[in-house]
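For reference, the structure discussed in these notes is given below.
The values are calculated or read from the model by the stated rules, or taken from the named source; none is laboratory data. Here the structure is a predicted model, which means the values were calculated and not measured. Here the Cβ positions follow ideal geometry from the backbone for every residue, glycine too, while neighbour counts run over all protein chains shown. Surface areas here come from the heavy atoms of the whole protein model, side chains and all, with no ligands, DNA or RNA. Shrake-Rupley method; radii C 1.70, N 1.55, O 1.52, S 1.80 Å.
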Amino acid sequence: MTQTSQSISTPTVRLSRYPRFQEKEPPLSDDWRFPHLSADIRDRISATGGDPGQYTMTDQGTDTGTVKVTETWTVNIRSESGITAGNKTGGTVEASSAAGMSRLAQNFADQILDGQAAKILLDRLAQQKKGVLTPASHINDLVTEAFSHCHECKNCWGDGRVACTTCHGLGTITETVYETVNGQQQPRRASRICSNCSGGWRACGTCNRTGLLTDWIQVEAYATPAYSHCGSEETSARCQALLTETDTNTVIRAFPCFTDRSPEASGPATVIRRFSGKATVTFMAVTSPRQSCWTVWGVGPTAQYLNPPPILDELLEDGIRQFSKVEYFRRRERLKVLDNVRKVPLLEEMLRQNAKAPKVPPAENFSAVAHDLVSPDVAKGAGNDIVKLQKGVCPRYAADLWTLIGLYMVTALFIVGNHRTLFPNDEIWILSGLAAYVAGGIICCALTLYRRSSVPQEYRGPMQEWKPALLVLGLVIALGTLSTVASKQMKSITAPAAELLSQFTPDDVKIFEGLFPPKPPISPLMPAPAPALTPPARSPAATRAPGPVSSTARPAVLSGSATLIDTATVQIEGTRVPLSGLDAVHHPVTEAGLRQYLSVVGPLRCTPAGAGYTCQTETGADFAEVIVMAGYAKVQKGARRNLSAAEAEARKARAGVWGLSPQ
């Protein structure tokens, strides 16, 4: 066949990527196939900013290609099982036992695979329109059946309730309490109602109080298609080689002339449909100004590409190089790049496509705009760079301002939580945070609209201010929840000790006045005299030198029984231990109660913290927090968060010094 060079101008024709499948190919002269194929390539070259006259396109003739496609449907079984609380046998095949349920499910699966599924699948495929072959996905609802078995809950034995593990089913808890009799602590046994149950019973969590459980198995049969293709004896040698190198999905999309036969069952769980199609294949050679050569094959009357070559890669090299650093440009420079992009029809169409379909991957959008005449790497790189350019000049939300709003709300949350004595009114801070969130959201929307106003409407895409708004709100809620949980856990440890301290009343002072001498008054003009304390006997190796212990030489850890100096200072092994963050309250009730608490609490373990110490009891409670929660000491400004929270609780409950008249 003689090869002729095409030099006449052809009209611009935009072709569809996926033409509709037709029963029969319409007549079209072979003389028009080559201009039809070359017209689209010239159109894409012009749209990319190149000169189509510099590209040589040579007609290499046409051949007839016949392809046979086999569609094989295979039936598979998917089984799912579980346990549900209560009687959930409705809509299922109920069995008398778990073993019987398993046998019914297995028999159903065997029956489906023996031929019933193939019959159902044949009916499904026969209802489809003949002459149309579309790559299909799974058929998940081919046939489904559920089997169940209801039985008694083994955890509660059908009663729906179980014995409480706290009181062991008694409903009451017996514990040892201490009473003061004649100035001495006397233990006695006392009972209280268990707060974790009702009369010694709790609801069964396994069956959700129903006393029944339902075992179930759901069996589903679904079919999966697979495709394969081959040429026929009528196909020419070069068409046969072309079809061998082309994947099946591309062949199905390119060959529009298919006629199918009735589906047939080739096995108990397999159905086959066969298609055949015949079309004219146009061959064309394209040579670029850089002497790069490609061979283009067009199928059918519209010359649908069978293997689109990357002809546009050379034209897009300069643009890709310009886009590679667009994220580092300033806004004014990005606007200049956008103006240059709009002058190229192909890239301008890409901008519109991204604005219309922002959820589609940029590589797919770019390939669709370029009619697949670009390589995957170039389509991915250029598509991502254009998306970055659009987001830079036309942002979808004000990320910088939302970051500041989030930092403000998180900072306010921590300040209020750690310094409750400075900020006692939580409602004010909550309202101010919500006001900042709402006002900040309005300002962000206004700022985003202002930034987008310099870009034409067709390139903008949708606004998405709700994304950072939800992110900031979720972050603040999560941090607030974690803070609340940590506070409750600490309170559960210190509350019992604070409750013990709060039991002391002014009537108990007379008892302790005979045991502990009163403290001499302190003159405001003279420093308080050092208490005469006799440290316990110690080994000679551990004897300290006389004189006060300097701050640099103070022990790293102190552990032992503590004696009271005041409600903010104790003494352990002869060492004065000031409690960090506390101011003492000089009141007979507080001092007497704290002495009594130290006699029963056991040894303390103290570690340095700032200018003072942080002490813990044997149970892990914070000793300073216990004192503050009982109202026996006041918190200094800037103290730890848990101390500020404990003082707020004591103020609210009027505990200790907050409920006593001033002396």
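Every condition in (1) modelled with pLDDT of 80 or more; (2) over 26 Å from Ser276 (Cα atoms); (3) open to solvent by 60 Å² or more (accessible area, probe 1.4 Å) is met by Gly49 except one, and the failing one is (1). Do we find that Gln616 is open to solvent by 30 Å² or more (accessible area, probe 1.4 Å), at negative phi and not assigned by the TED database to the domain that holds Gly183 in this structure? Yes. Criterion applied to Arg595, Arg576 was being modelled with pLDDT of 80 or more, part of a helix (DSSP H, G or I) and open to solvent by 30 Å² or more (accessible area, probe 1.4 Å), and the one residue passing it is Arg595. When the residues of segment 204-225 are filtered to those that are open to solvent by less than 40 Å² (accessible area, probe 1.4 Å) and aliphatic (A, V, I, L, M), the one that is farthest from Ser96 (Cα to Cα) is Ala223.
Among the criteria (1) part of a helix (DSSP H, G or I); (2) within 21 Å of His151 (Cβ to Cβ); (3) open to solvent by less than 50 Å² (accessible area, probe 1.4 Å), the one Ser102 does not fulfil is (3). Take the residues in segment 394-425 that are at pLDDT 85 or above and β-branched (Val, Ile, Thr); name whichever of them is most open to solvent (accessible area, probe 1.4 Å). Per the stated criteria, the residue is Thr403.
For segment 145-171, a residue qualifies if it is under 40 Å from the mean Cα position of the chain (by Cα), open to solvent by 30 Å² or more (accessible area, probe 1.4 Å) and of a type in the set (A, V, I, L, M), and the qualifying residues are Val162, Ala163. Considering (1) closer than 24 Å to Arg330 by Cβ; (2) modelled with pLDDT under 85, the lone condition that Ile428 does not fulfil carries the number (1). Residue count for segment 598-608, restricted to those that are of a type outside the set (Val, Ile, Thr), open to solvent by 10 Å² or more (accessible area, probe 1.4 Å) and modelled with pLDDT of 85 or more: 3. Under the condition of being among the polar types (S, T, N, Q), part of a helix (DSSP H, G or I) and open to solvent by 10 Å² or more (accessible area, probe 1.4 Å), the residues counted in segment 621-656 number 1.
The rows are residues; the columns are (1) out of contact with any strand residue (DSSP E or B) (no Cβ under 7 Å at 6 or more places or on another chain); (2) of a type in the set (Gly, Ala, Ser); (3) free of Cβ contacts under 8 Å to residues at least 24 places away in the same chain.
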site	(1), (2), (3)
Thr563	no, no, no
Glu591	no, no, no
Ala624	no, yes, no
Met629	yes, no, no
Ala633	no, yes, no
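Scoring Thr64 on the criteria (1) exposed (fewer than 14 other Cβ atoms within 10 Å of the Cβ); (2) modelled with pLDDT of 85 or more leaves a single failure, condition (2). Right, Trp201: at pLDDT 85 or above, open to solvent by 90 Å² or more (accessible area, probe 1.4 Å) and on the phi > 0 side of the Ramachandran plot or not? Answer is no for this residue.
Taking segment 226-271 as the range and being surrounded by 13 or more Cβ atoms within 10 Å (Cβ to Cβ), within 44 Å of the chain's Cα centre (by Cα) and assigned to a helix (DSSP H, G or I) as the test, the residues that pass are Thr248, Thr250, Val251, Ile252, Arg253, Ala254. The residue that is farthest from Pro462 (Cα to Cα), among those in segment 331-362 that are among the polar types (S, T, N, Q) and surrounded by 14 or more Cβ atoms within 10 Å (Cβ to Cβ), is Gln353. The requirement of being in a strand (DSSP E or B), at pLDDT 85 or above and more than 41 Å from the chain's Cα centre (by Cα) is not satisfied by Thr84.
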